[in-house]
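The values are calculated or read from the model by the stated rules, or taken from the named source; none is laboratory data. All values derive from a computational prediction rather than experimental measurement. Glycine gets a Cβ as well: all are built from the backbone with ideal geometry, and neighbour counts include every protein chain shown.
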Amino acid sequence: MAQLGRRLRDMVAAEVPKLASAAEYFFKLGVEGKRFRPMVLLLMSSSLTMVLPSAAAATSDEKNWRHHKLAEITEMIHVASLLHDDVLDHADTRRGIASLNFIMGNKLAVLAGDFLLARAAFSLSTLQNDEVVGLMSKVLEHLVAGEVMQWTVDAEKSSSMDYYLQKTFYKTASLIANSCKCIAILAGHPKEVAALAFDYGRHLGLAYQLVDDLLDFTGTKASLGKPALSDLREGIATAPVLYALEEHPALQELIDRKFKDPGDVDSALKMVLASSGIRKTKELAREHASKAADAVAGFPPTTSEKASLCRRALTELTEQVITRSN
Ligand code: FPP
Ligand code: MG
Ligand code: MG
């Protein structure tokens, strides 16, 4: 992970000084965040170490190089999406420090995100694998689609749990699901193994975002490193609100006007806290976490001790994702 952090800092170096300082902002020591995605991908890489037919197997060095590259690409795409997200959300804080848009303005924050995407695309091309390029391009499309779905004005969709889960897959889970699948593909594993890797990432990603949406109600600015209740303030109804709606139909009106009237955010918060919305969201997160653990249990047998250890770590992460507080 330390190596990965160093390489990421090298990869985002830019010639133009202003662009350089903007692009490196969230890769600097101390503000790199949890680096959850690269960690999952490197664990996935070691978890899938098992005997493969020699024609399909990449050499160990080559495979490791490709897997590290993919982990770096995934983190760069993630940070790019956060830079753009903070512009769209008018956020002034991220990871406990000022957001880039707050410090340098929207224009530079958007362009720094574009720059990171350009560097990620270049890096992706060096993997010389069309299927992986295709999957990671799909992820970019999903990130954009998920973000736009979130602004929906259609009353029926804005209170539909199915619509919310589809949006959540696009916005959060697609990146980790497809990256996990790419790890399997780059190591030469058969389709069934790639599908299990995808399932792990999809369920872990969904559980992660469900908890994120729940923490927006139960966390504080200090614990989250970003303001609480930001979803309501941005007019977005997430799982706790959708579950609360089943018990408090009065919420529908507030959802429809995106919590914009004075007192709406407070009233919505009260109704959510008085409902079983938080508990049901946690239960759904738990279901997805458990499905993620099932995917790991379905991996082909391995005799490698390191692979077994990393599989245990992937399984433990499914627990940590639902018990985290930031
Ligand atoms: C965070 O959500 C945002 C995302 C996970 C994705 C945002 C995607 C875009 C802005 C589309 C552009 C995509 C690319 C690839 C540049 P949040 O606002 O719910 O979370 P937060 O509380 O961390 O801000
Ligand atoms: Mg945001
Ligand atoms: Mg957002």
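In table form, for the structure just shown:
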| read-out | value |
| --- | --- |
| Selected residue [modelled with pLDDT under 95, of a type in the set (V, I, T) and surrounded by fewer than 21 Cβ atoms within 10 Å (Cβ to Cβ)] from V133, V144, V153 | V153 |
| Selected residue (criterion: surrounded by the most Cβ atoms within 10 Å (Cβ to Cβ)) from residues of segment 262-301 that are part of a loop (DSSP other than H, G, I, E, B) and out of contact with any Leu (no Cβ under 7 Å at 6 or more places or on another chain) | S275 |
| Some residue of segment 71-83 being touching a Gly at 6+ places or on another chain (Cβ under 6 Å), over 17 Å from V132 (Cα atoms) and within 16 Å of ligand 2 (Cβ to nearest atom) | yes |
| Selection status of S45, touching a His at 6+ places or on another chain (Cβ under 6 Å), away from ligand 1 (no atom under 16 Å from the Cβ) and either at pLDDT 95 or above or not in a helix (DSSP H, G or I) (or both) | yes |
| Among the residues listed as S223, S230, the single one being surrounded by fewer than 18 Cβ atoms within 10 Å (Cβ to Cβ), over 17 Å from the mean Cα position of the chain (by Cα), within 15 Å of ligand 3 (Cβ to nearest atom) and closer than 22 Å to R324 by Cα | S230 |
| Cross-chain or 6+ apart pairs with Cβ under 9 Å, segment 222-248 first and within 17 Å of S275 (Cβ to Cβ) and near ligand 1 (Cβ under 9 Å from one of its atoms), then among the acidic types (D, E) and in a helix (DSSP H, G or I) | D231/D213; D231/D216; T238/D212; T238/D213; T238/D216; T238/D231 |
| Where L251 falls short, out of the listed (1) out of contact with any Leu (no Cβ under 8 Å at 6 or more places or on another chain); (2) of a type in the set (A, V, I, L, M, F, W, C); (3) more than 15 Å from ligand 2 (Cβ to nearest atom) | (1) |
